[in-house]
1. Tell me, what is the percent relative contact order of the chain, built from C-alpha pairs under 8 Å that lie six or more residues apart?
2. Counting only the backbone N, which residues of segment 217-241 are under 16 Å from the spot 7 Å out from the Cα of residue 143 toward its beta-carbon?
3. Nothing charged except the Cβ atoms of Lys and Arg (+1) and of Asp and Glu (-1): what's the magnitude of the dipole of segment 6-236 about its Cα centre? Round to the nearest 20 debye.
4. Taking amide H positions as placed 1.01 Å from N in the peptide plane, with prolines and chain starts having none, which residues 5 or more places from residue 101, or on another chain, fall under 5 Å of its amide H?
5. Using modelled backbone amide H atoms (1.01 Å from N, in-plane), which distant-in-sequence or interchain residues come within less than 5 Å of residue 201's amide H?
6. Pull up all non-local amide H partners of residue 108: gap of 5 or more, or a different chain, and H-to-H distance under 5 Å with H placed in the peptide plane.
7. Where does each of 69, 202 land when they are ranked from fewest to most other beta-carbon atoms within 10 angstrom?
8. Counting other C-beta atoms within 10 Å, which of 224, 161 has the fewest, and how do the rest follow?
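Bear in mind that the values in this text are calculations on the coordinates, not laboratory data. Keep in mind that this is a model prediction, so the values were computed, not measured. Methodologically, a virtual Cβ is constructed for each residue, glycine included, from the backbone with ideal geometry; neighbour enumeration extends over all protein chains shown.
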Amino acid sequence: MSNWSLSTLLASLHEDIQSRLGTARKAFAHPGTKGDASEDVWIDMLDTYLPKRYQAANAFVVDSLGNFSEQIDVVVFDRQYSPFIFKFGDHIIVPAESVYAAFEAKQTASADLVAYAQKKVASVRRLHRTSLPIPHAGGVYPAKPLIPILGGLLTFESEWSPALGASFDKALHVDMADGRLDLGCVASHGHFFYDPSANAFSFESENKPATAFLFKLIAQLQFSGTVPMIDIDAYGKWLAK
């Protein structure tokens, strides 16, 4: 009989994330450096544990009309079916059709940060996305409906007490349109997600928040399916401009 323990493995995943976020908080005095270190922890976790069809990166998002999102701390995008990803120096630029999720990643959750994250997520969701019919041996399938882009917030701590309570809920409800945050994690306390059937946010306090958040994200990505077939010609028109 194996001596492996699934509970121990899941706990160690969370403990690794929490420890690295805590180190970033203590080791770096400059807020920008702290923020970059926090982003790197979340990006590394997602790149390690999400299926390989997904990739996570700090990125801008662009559409075929030439519009750009704000810079997004953590973008989860498709690498299996995306025909191109731009890279200019240290900057990654992802076509809007390839995006599954956009997250703001900072040290501490607050009302101002929630509003900032909502603004960032909205800048991605407002972009134009194309979807082409899909050819197959017997003809073509209709163009795939656009998948909803998930939005979220990733932090180590919360300035509220309780960390996942009414104040957090109130801040999340400020923008329930393009800026809605569908899920997120406060690694020291728990995770949250939007439940469309109840039209309400659910807050889960637990011992392994990072692991619970990861599982919730994977479950939601499974329901998203695959990204639509991108209209390359719509982007190619910019070659003549």
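1. Details: 452 pairs, mean separation 46.3, N = 241.
Averaging sequence separation for qualifying contacts and normalising by length gives 19 percent for the chain.
2. Counting only backbone N, you get 227-237.
3. Values: 19 positive and 26 negative charges, 39 e Å.
It works out to roughly 180 debye.
4. Residues meeting the criterion, in which the H sits 1.01 Å from N, are 76, 150.
5. 195
6. 156, 157
7. Working: 69 24, 202 14.
Placing the least packed residue first, the sequence is 202, 69.
8. 161, 224
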